[in-house]
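Let me begin by presenting the structure, written as structure tokens, before commenting on it.
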Amino acid sequence: MTETTPRQRARIETEAQIAAIGNRMIDDDGVDGLSLRAIARELGVVSSAVYRYVKSRDELLTILIRDAFTQIADAVDEALEGERSVKTLALRMLEWSRAYPNRWALIYGTPIADYEAPREQTVVPGTRIMVALAELVATGQNGAEAALESRAESKESAATSKSSSRRRNTEAALQPLREGLVELGLEFDDHVILETVTIWVAVVGLINGLRFGQFGPGFDDVEDDLMSGVVNRLGE
């Protein structure tokens, strides 16, 4: 294994410092608070020195987005080591969003104007939780195994030409997701993909509603109960 040189170690350390300062700026003031000049001042270097590590604000955003995706996915993975369930996954996502609301907004909120995240840097960290969710659904560990099996059986027994047409439409609609999973080396059947999408939309939608004040005040003490109720309802 090749050892890192002192210069390489210094670069890694500086990049970590830049990410840490950028995260703190996001936590304090959101995306509008990001400033490469302010980062340079905090590091005690001239602005041009920072540009050797981060060439632009967009590159800084990419670093922070990738870091946020990694942080929340690591938190979810840690929680799932204790109990593998959709409820555990959802509650840990909710907990992380409370701790870092501006970082949540960075990765799951309104798209940033004039910025497009590079897929090659953000797809893998950005899909880790959804992949974990799909694996839970595929192995029946979403706390609603019987309900899902019953639902699938009833759909099959009620198959008609009309339902077959709907199924074909669903298969076509899921194709981009299917291709994305294959790109990551994963293959799930359409039932698993559709259930995963349904749960994902519910969980992320609820967290966005809570974090962005869409439901109004009064939810601070009941967020976990509300999330648990939503996840339980998905299995009915």
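The values are calculated or read from the model by the stated rules, or taken from the named source; none is laboratory data. Bear in mind that the values here come from a model prediction, so they are computed numbers and not experimental data. A quick note on method: Cβ atoms are made from the backbone with ideal geometry, for glycine too, and the neighbour counts reach across all protein chains shown. To get the accessible areas, we keep the full protein, side chains included, count just its heavy atoms, and leave off ligands, DNA and RNA. Shrake-Rupley method; radii C 1.70, N 1.55, O 1.52, S 1.80 Å.
Among what's in region 1-18 and is over 20 Å from Asp67 (Cβ atoms) and open to solvent by 100 Å² or more (accessible area, probe 1.4 Å), pick the residue that is modelled with the highest pLDDT. Break it down into steps so the answer makes sense when it comes.
If we filter region 1-18 for residues that are over 20 Å from Asp67 (Cβ atoms), which is where we start, we get 1-7.
If we keep only those that are open to solvent by 100 Å² or more (accessible area, probe 1.4 Å) as well, we get 1-3, 7.
Numbers: Met1: 53, Thr2: 62, Glu3: 73, Arg7: 81.
Of everything passing the filter in region 1-18, Arg7 is modelled with the highest pLDDT.
Report yes if some residue within region 20-28 is touching a helix residue (DSSP H, G or I) at 6+ places or on another chain (Cβ under 9 Å) and over 24 Å from Gln71 (Cβ atoms); otherwise report no.
For region 20-28, residues touching a helix residue (DSSP H, G or I) at 6+ places or on another chain (Cβ under 9 Å) and over 24 Å from Gln71 (Cβ atoms): absent.
With respect to Val201, determine if the residue is at pLDDT 80 or above, surrounded by fewer than 11 Cβ atoms within 10 Å (Cβ to Cβ) and assigned to a helix (DSSP H, G or I). Let's see the steps before the verdict.
Numbers: at pLDDT 80 or above: yes; surrounded by fewer than 11 Cβ atoms within 10 Å (Cβ to Cβ): yes; assigned to a helix (DSSP H, G or I): yes.
In short, yes.
Among the residues of region 72-87, is there at least one that is in a helix (DSSP H, G or I) and of a type in the set (S, T, N, Q)? First the steps, then the outcome.
Pass one, region 72-87, residues in a helix (DSSP H, G or I): 72-82, 86-87.
Keeping just the survivors that are of a type in the set (S, T, N, Q) gives none.
Checking region 72-87: not a single residue is in a helix (DSSP H, G or I) and of a type in the set (S, T, N, Q).
If the Cβ limit is 6 Å and pairs must be 6+ apart or interchain, which residue in region 104-117 that is within 14 Å of Gln214 (Cβ to Cβ) pairs with which residue that is open to solvent by 40 Å² or more (accessible area, probe 1.4 Å)?
Pairs found: Trp104/Arg211.
What are the residues in region 204-236 that are part of a loop (DSSP other than H, G, I, E, B) and open to solvent by 50 Å² or more (accessible area, probe 1.4 Å), if any?
From region 204-236, those part of a loop (DSSP other than H, G, I, E, B) are 212-222, 235-236; that's our starting set.
Of everything in region 204-236, those that are part of a loop (DSSP other than H, G, I, E, B) and open to solvent by 50 Å² or more (accessible area, probe 1.4 Å) turn out to be Phe212, Gln214, Phe215, Pro217, Gly218, Phe219, Asp220, Asp221, Val222, Glu236.
Yes/no per residue for (1) part of a helix (DSSP H, G or I); (2) among the aromatic types (Phe, Trp, Tyr); (3) touching a Phe, Trp or Tyr at 6+ places or on another chain (Cβ under 7 Å):
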residue	(1), (2), (3)
Ala68	yes, no, no
Met93	yes, no, no
Arg103	yes, no, no
Glu116	no, no, no
Ala134	yes, no, yes
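Pick out the one residue from Thr122, Thr110 that is modelled with pLDDT of 75 or more and in a loop (DSSP other than H, G, I, E, B).
Working: Thr122 fails: in a loop (DSSP other than H, G, I, E, B).
Every option except Thr110 fails the conditions.
Taking region 183-198 as the search range and keeping residues that are of a type outside the set (Gly, Ala, Ser) and not in a helix (DSSP H, G or I), which one is farthest from the chain's Cα centre (by Cα)? Before you say what the answer is, go through the steps one by one.
Filtering region 183-198 down to residues of a type outside the set (Gly, Ala, Ser) leaves 183-184, 186-198.
Checking which are not in a helix (DSSP H, G or I) leaves us with 184, 186-189.
Values: Leu184: 16, Leu186: 18, Glu187: 20, Phe188: 19, Asp189: 22 Å.
Filtering region 183-198 for residues that are of a type outside the set (Gly, Ala, Ser) and not in a helix (DSSP H, G or I), the one farthest from the chain's Cα centre (by Cα) comes out as Asp189.
Mind checking which residues of region 2-18 are in a loop (DSSP other than H, G, I, E, B) and among the acidic types (Asp, Glu)?
Residues of region 2-18 in a loop (DSSP other than H, G, I, E, B): 2-5.
Within region 2-18, just Glu3 meets the criteria.
Could you list all residues from region 19-42 that are open to solvent by less than 50 Å² (accessible area, probe 1.4 Å) and assigned to a helix (DSSP H, G or I)? I'd like the intermediate steps shown before the answer.
First pass over region 19-42, keeping only residues open to solvent by less than 50 Å² (accessible area, probe 1.4 Å): 19, 21-23, 25-26, 30-31, 33-36, 38-40.
Within region 19-42, Ala19, Ile21, Gly22, Asn23, Met25, Ile26, Val31, Gly33, Leu36, Ala38, Ile39, Ala40 meet the criteria.
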